[in-house]
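For reference, the structure discussed in these notes is given below.
Please treat every number below as a calculation from the coordinates, not as lab data. Note that this is a predicted model, so its numbers are computed, not measured. Because the Cβ atoms are built from the backbone with ideal geometry, glycine has one as well, and the counts that use them run over all protein chains shown.
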């Protein structure tokens with residue numbers, strides 16, 4: 001009986017050891033300043049992350065492309081180390097803080113640590129320490145790339161007036177501003193059940209009666225919305241174009257009501273999935289074919305000319321980046337800088 005129990009357990013240990021040894025086998029070795037293996041387990045981890053992101057099983061050729069990216073990264077990191085290029089913890093912290101700022105804009109409040117951790121995991125599939133390490137690697141490679149290929153980036157020139165005019169002529173139909181209004185919104189959130197919804201409706205009717213269609217009283221109610229005891233919310237509803245996308249996002253009744261009002265007018269109660277809303281139109285804009293000097297996006301100072309220049313510069317920067325990356329990788333892959341073990345690619 002003891003033998004019967006012992007041998008299955010021993011077999012399990014041997015199988016486990018075999019898998020562990022397989023995981024540690026190198027699928028590639030990178031050599032710039034030292035020999036650095038890329039293990040089967042490391043490749044498998046990246047492949048699984050790519051499969052989760054793409055929603056499909058990667059082919060052998062796909063796995064090879066993933067491995068190529070891993071090799072290129074390690075080649076660049078070793079070369080950067082050789083050149084004394086590094087990124088400090090302070091620089092990494094600054095990038096993380098910028099990402100927190102972007103998240104705060106998206107959710108409308110400063111994110112908690114839990115908010116940030118969840119956002120990082122959703123976007124990258126990594127925990128925060130792993131994401132931090134990824135940022136450090138990418139920033140190091142970027143700094144090294146800029147130092148080695150500075151001449152490529154310095155050769156980027158802004159578009160000429162003739163190029164701007166030609167780009168505008170070719171994309172003129174893209175610069176049509178639809179009929180647009182800007183609104184302020186008072187919102188009484190809907191309830192989780194019929195009783196709460198009825199109380200919310202009653203509060204909205206009370207507010208509408210207090211306002212009485214008077215724009216000044218609407219503004220007073222808007223200010224009171226900031227009080228935690230107001231039982232309603234209020235603020236700028238932004239610019240609303242008259243199109244299908246706005247109707248899908250805000251509701252047809254909300255959008256149609258907004259465009260029946262003149263500037264300064266107050267609406268009736270609008271029922272939506274968000275609750276009960278009262279709006280006031282604060283700005284109105286007719287549909288317009290925008291010229292180069294017109295504002296491209298309402299609420300900003302960016303003109304159509306600025307938009308075209310920025311777009312063209314971004315395209316040129318991307319082209320320069322792609323060229324610099326191609327040249328650098330070609331240089332780093334010369335000689336005996338890495339070795340791939342083909343038999344381990346499919347493990």
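Here are a few things to note about the model shown:
- Segment 110-239 shape via C-alpha gyration tensor axes, a/c threshold 1.5: oblate
- Rounded to 10°, Cα long-axis angle of helix 2-24 versus longest principal axis of the chain: 80
- Between helix 161-170 and the chain there is an angle of about 70 degrees, using the helix long axis and the longest principal axis of the Cα atoms.
- Rounded, prolate or oblate (a/c below 1.5 giving rounded, otherwise prolate when a/b exceeds b/c) for the chain by Cα gyration tensor: oblate
- Acute angle (nearest 10 degrees) that the helix 194-211 long axis makes with the longest principal axis of the chain, alpha-carbon atoms: 50
- Counting 0.36 nm for each residue step from residue 174 to residue 202 and taking away their Cα separation leaves a gain of 5.6 nm.
- The chain: relative contact order as a whole-number percent, Cα under 8 Å and 6+ apart: 22
- Estimated FRET transfer efficiency when R0 is 45 angstrom, pair residue 236-residue 347 (beta carbons, to 0.05): 0.20
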